[in-house]
Amino acid sequence: MRPRLKSWCVVATLCLLCVPPALADKIVLKNGRKIIASNVTEDANKVYYETSAGQLSIPKSIVDHIEKGLTPVMGSPAAEAANLPIAAPPAEPATADAAEIDSAAVHDGAVDRAYIARMENEAHGGNAKANAQTALAHHAAAQFELAHGDLEHALEDERTATNFAPEQPVLLINLAYLYLRRSEFKQAIDYLDRAKRFSPDNPDIYKLEGWAYYGLNRLDQAVVDWKKALALRPDADTQAALDKALRDKTEEESYKENESAHFQLKYNGAAAPALAREVLRTLEGHYESTSSELNYSPPEPIGVILYTQQGFADITQAPGWVGALNDGRIRVPVQGLTSVDAELSRVLKHELTHSFIQQKTRGHAPTWIQEGVAQWMEGKRSDVNAAVLVQIYDQGQAASLGNLEGSWMGLSGDTARYAYAWALANIECVVESDGMGDVDRILDRLGAGASTEDALKEVLHDDYSDLMRSCADYLKKTYGK
Ligand SMILES: [Zn+2]
């Protein structure tokens, strides 16, 4: 059931991209292990706690003590994987001329492309030393770009560096690290495999490989890698990541699994296996149509979790008006359903769109674009809301799209409904004027690191106020009396 708040506006499918950290409890076991969980309760024999896999329990006899409300719990593994607190690998291959090349390739706050081009010219003669030095120069440029948040060019330079020095493990490891930062886990694994051939006992390789498998939701393999990295060299980042993976594994062991070409589905015992299979079939159908409309296919499998209603509310701790949620994995409550009805199908398409946009923009889409496009893709249009949106706009009360870029988690139900309707109207205006191609191009610009307003200016030649004005005009023209 989704609430109807104002007669003018019914936004049926509501969801958000992230859940803010919630305070959780820590259960400390007698063996020293700690379990982070919420809503810890106990009876005579057992301690019960909530995790993202539902309620779990352990015998009281193994618990040393419980610390209440201490630790922030973050989102899902997939959402967090790109931001695991794992530091960059060592930057420099240990060669005598590294420092000299560094300061020639990057100086006065910029990359010296003329210097790098001269190095490349020398290298094209086939001289081994020149090749190694050119690789170092590109590597220095990549480090500089990474430090300035320009992942795109850092990746380009680091990839070029590995072309000039394909057997240099430090460069391969650094390239893998850049892919990890972009959540391109399989690419990262390819380069780590190559690095292994030249440096089989390098702990950084296993540390990063564990990260890649964690991002792919392959917790078992992540645990193997991180244990191996720790055996080779003690390391606090790796230990923390391993502890977290072990916690996630415990949480998810009570869930059943199913998968299809593009999805990994988990559901708890209350959901019927037939429903799970039908959800996967529906998602695969939506995947095809969304790929062609957004001109993009996410490289990684998409995680989906089906919940009972109560489990969803407890676990996500989202505001009451949230109907489904995408925090890296698609989380959908399905209680009482035995088959995929039209409403669930729309919810799935809406949430799937978020996953596409998230991956296509490498996590850089503002909330109003995410929600606007997701509603458009599920088939919603502005007809019922047009009149009131126009009225609000004409009174000069329209919310600036710039203010709708960040999280909507703190919005009240009414304000959220307005935000959804206004976001849809603006996306609808863009799509109806020039087609979905413009949305694709805006998403591509965002993925390359542009600000939202710059992306709009490049593609539409509109800033925020231009777009909102055309949106109001479009609504009047299309839905006016
Ligand atoms: Zn949504």
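Throughout, read-outs are computed from the coordinates displayed, never taken from laboratory work. Everything quoted here is computed from the prediction, not taken from an experiment. Virtual Cβ from ideal backbone geometry, glycine too; neighbours counted across all protein chains shown.
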Taking the number of other C-beta atoms within 10 Å as the exposure measure, put VAL347, VAL373 in order starting with the fewest.
VAL347, VAL373
Extension gain, ALA147 back to ASP473 (0.36 nm per residue minus Cα-Cα distance, nm)
113.0 nm
Distance from region 339-412 to region 137-181 (C-alpha centre basis), Å
36
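State the extension gain, in nm to one decimal, for the chain segment bounded by ASP237 and VAL384, taking 0.36 nm per residue of separation less the distance between their alpha-carbons.
On the way: separation 147, 0.36 × 147 = 52.92 nm, distance 5.14 nm.
Extra length available between ASP237 and VAL384 comes to 47.8 nm.
Please report, in debye to the nearest 20, how large the charge dipole of region 99-198 is about its Cα centre when each Lys and Arg carries +1 at its beta carbon and each Asp and Glu carries -1 there. Show your work: numbers first, answer last.
On the way: 10 positive and 16 negative charges, 83 e Å.
Computed about the Cα centre, the dipole is about 400 debye.
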Which values of log₁₀ I(q)/I(0), to two decimal places, follow from the Debye formula for region 168-304 at q = 0.14, 0.16, 0.19 Å⁻¹ with a uniform point scatterer at every Cα?
-0.75, -0.89, -1.07
Under the rule of at least 5 residues apart or a separate chain, name every residue whose amide H is placed under 5 Å from the amide H of LEU216.
none
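So, with +1 on the Cβ of K and R and -1 on the Cβ of D and E, and no other charges, what is the size of the charge dipole of region 346-470 about its Cα centre, to the nearest 20 debye?
On the way: 11 positive and 19 negative charges, 83 e Å.
In debye, rounded to 20, region 346-470 gives about 400.
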How long are the three semi-axes of the equivalent ellipsoid of region 103-198, in whole Å, if each is the root of 5 times an eigenvalue of the C-alpha gyration tensor, listed from largest down?
22, 18, 8
Students often check this: by mean Cβ neighbours within 10 Å, which of 122-132, 218-228 ranks highest, and how do the rest follow?
218-228, 122-132
